[in-house]
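Visitor: So that we are looking at the same thing, I have put the structure below in structure tokens.
The values are calculated or read from the model by the stated rules, or taken from the named source; none is laboratory data. Everything quoted here is computed from the prediction, not taken from an experiment. FYI the Cβ positions are ideal-geometry reconstructions off the backbone, even for glycines, and counts take in every protein chain you see.
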Amino acid sequence: MLEKIRVMHIVQSAGGVDRYLRSVLKYIDNSKIENYIVCSFDFNREDYADLVSAFIQIEMQREISLKDDFIAIRKIRGLIKKYRPDVVYAHSSKAGALGRIADIGINNKVIYNPHGWAFNMQCSHKKQVMYKIIEKFLSHFTDKIVCISDAEKESAKNKGIAHPNKLQVILNGIDIEESAKSLESNITRADIGIPENAYVIGTVGRLSKQKSPDIFIRTAKIIKEAVPHAFFLMVGEGEMRKEVENFALENGFANSLMITGWVSEPMKYVKMFDVATLLSRWEGFGLVLPEYMIAGKPIVACNVDAIPEIINSGDNGLLVKPENPEETAKAIISVYRDRELGAKFSDKALSDAKERFDVKRVSAQYEKLFADLMR
């Protein structure tokens with residue numbers, strides 16, 4: 001019997017990366033692969049109980065701190081030496097840096113997945129340059145860089161981050177079975193105070209600059225003037241919540257807005273949407289889009305980064321310019337007025353999600369990648 005390939009996942013950022021990792025690990029063949037996880041305290045041990053052979057939490061901060069980062073690197077290096085994995089797999093930019101530095105000089109294979117390049121974020125030019133330099137340097141200590149979309153790979157090639165041979169696209173995916181199960185929830189609009197006759201425009205995501213909650217709420221104001229019974233449901237939490245609430249209050253439609261705060265199963269709320277949106281300023285993939293598709297919702301999303309790889313405008317949804325409330329409102333109103341168009345988008349999106357974005361395909365690709373690296 002062949003020995004299992006031991007893979008140590010190093011991850012600091014929870015949220016979408018946490019969901020991605022749990023979905024992938026769920027369908028990896030544990031007769032071939034033995035998984036370990038070294039993570040920050042943002043993760044829940046119970047979520048990984050049946051997925052990994054060891055779950056180790058250490059202090060890892062999102063912000064750069066030479067003292068704290070050095071301590072984290074030293075701990076990670078000690079864990080790599082203790083567990084002796086065949087493959088170290090670092091997820092996202094911070095854990096990607098800590099994990100790869102910690103592994104320097106140790107004889108194993110190293111995979112890195114940025115889950116969206118930090119240098120593509122809307123931040124100062126100085127920070128973008130710094131992120132690019134760090135990524136270029138650390139690519140020398142990386143055997144394979146997994147890009148979750150073709151757009152992410154092209155961005156790395158254009159910036160000269162690594163030799164193209166090191167870049168491999170494993171298109172993102174979702175747990176279709178789990179998403180479909182969440183839709184079976186018996187929560188109704190009445191249960192959470194949404195009028196039954198409301199036309200619900202919804203979004204799922206952190207209320208932070210990347211996801212553009214400010215653009216969503218300005219779009220809502222325009223829509224409300226054209227569709228009086230429109231209702232706006234934001235599933236998430238974040239530092240821009242107060243700004244969003246204040247705007248709705250000042251413009252007289254606070255009673256047509258609901259922000260759920262953080263929820264563990266957003267699909268229970270997605271099923272109440274009439275139209276689903278993702279208005280990101282930048283987006284490594286947009287994992288929520290296939291979830292909207294499985295829920296059978298017509299989608300309006302921004303034409304940035306990897307999103308056009310998922311949404312083919314006019315075929316399975318509509319794409320709009322980022323940071324453009326007027327164009328976004330026009331697109332949503334067009335779906336509201338033409339229900340046949342919305343139904344066409346929903347049907348095509350559902351079929352695309354099942355064909356292209358099943359996480360079982362992602363897990364199988366990882367099994368092959370791990371095996372190829374060990375040859």
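Visitor: Among R100, R74, which is the only one that is of a type in the set (D, E, K, R) and either more than 27 Å from A371 (Cβ to Cβ) or at pLDDT below 95 (or both)?
Guide: Numbers: R100 fails: either more than 27 Å from A371 (Cβ to Cβ) or at pLDDT below 95 (or both).
Answer to the selection: R74.
Visitor: Still on this model: Identify, please: which residue in the stretch 315-352 is touching a residue at least 12 places away in the same chain (Cβ under 8 Å) and of a type in the set (K, R) and is, among those, nearest to P213 (Cα to Cα)?
Guide: K321
Visitor: Moving on to the next point. Kindly provide the set of residues from the stretch 226-238 that are hydrophobic (A, V, I, L, M, F, W, C) and either assigned to a loop (DSSP other than H, G, I, E, B) or surrounded by fewer than 16 Cβ atoms within 10 Å (Cβ to Cβ) (or both), ordered by number.
Guide: If the condition is that a residue be hydrophobic (A, V, I, L, M, F, W, C) and either assigned to a loop (DSSP other than H, G, I, E, B) or surrounded by fewer than 16 Cβ atoms within 10 Å (Cβ to Cβ) (or both), then A226, V227 are the ones that fit.
Visitor: Give the residues of the stretch 365-375 that are under 16 Å from I170 (Cβ atoms) and free of Cβ contacts under 8 Å to residues at least 24 places away in the same chain, sorted by residue number.
Guide: Correct list: K368, D372.
Visitor: Within the stretch 28-45, identify whether any single residue is within 17 Å of the chain's Cα centre (by Cα), outside any helix (DSSP H, G or I), without any contact (Cβ under 8 Å) to a residue 40 or more places away in the chain and over 26 Å from K368 (Cα atoms), and answer yes or no.
Guide: Within the stretch 28-45, one or more residues are within 17 Å of the chain's Cα centre (by Cα), outside any helix (DSSP H, G or I), without any contact (Cβ under 8 Å) to a residue 40 or more places away in the chain and over 26 Å from K368 (Cα atoms).
Each row is one residue, and each column tells you yes or no for (1) surrounded by 14 or more Cβ atoms within 10 Å (Cβ to Cβ); (2) closer than 19 Å to L287 by Cα; (3) assigned by TED's automatic domain parsing to the domain that holds I37.
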{"position": "I64", "(1), (2), (3)": "no, no, yes"}
{"position": "R74", "(1), (2), (3)": "no, no, yes"}
{"position": "V88", "(1), (2), (3)": "yes, no, yes"}
{"position": "A95", "(1), (2), (3)": "yes, no, yes"}
{"position": "G105", "(1), (2), (3)": "no, no, yes"}
{"position": "K126", "(1), (2), (3)": "no, no, yes"}
{"position": "E152", "(1), (2), (3)": "yes, yes, yes"}
{"position": "L167", "(1), (2), (3)": "yes, no, yes"}
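Visitor: Can I ask one more? Which pairs have Cβ atoms under 7 Å, sit 6 or more apart or on different chains, and link a residue in the stretch 85-106 that is at positive phi to one that is assigned to a helix (DSSP H, G or I) and among the aliphatic types (A, V, I, L, M)?
Guide: S92/V17
Visitor: Looking only at residues in the stretch 274-332 that are of a type in the set (F, W, Y) and over 25 Å from R189 (Cα atoms), which one is nearest to the chain's Cα centre (by Cα)? Steps first, please.
Guide: Here is the first cut: in the stretch 274-332, the ones of a type in the set (F, W, Y) are 282, 285, 292.
When the remaining residues are screened for being over 25 Å from R189 (Cα atoms), the result is 282, 285.
Values: W282: 11, F285: 6 Å.
That would be F285.
Visitor: Do any helices (runs of 4 or more DSSP H) entirely within the stretch 113-195 hold 2 or more residues that are more than 20 Å from the chain's Cα centre (by Cα), and if so, which? Step through it out loud before you land on a result.
Guide: Working: elements: 125-138, 150-158, 176-182, 189-192.
Here the list reads 125-138, 150-158, 189-192.
Visitor: Further question on the same structure: Can you list the helices (runs of 4 or more DSSP H) lying wholly within the stretch 239-335 that have 3 or more residues being over 20 Å from N120 (Cβ atoms)?
Guide: In the stretch 239-335, 241-250, 267-270, 288-294 are the helices (runs of 4 or more DSSP H) which contain 3 or more residues that are over 20 Å from N120 (Cβ atoms).
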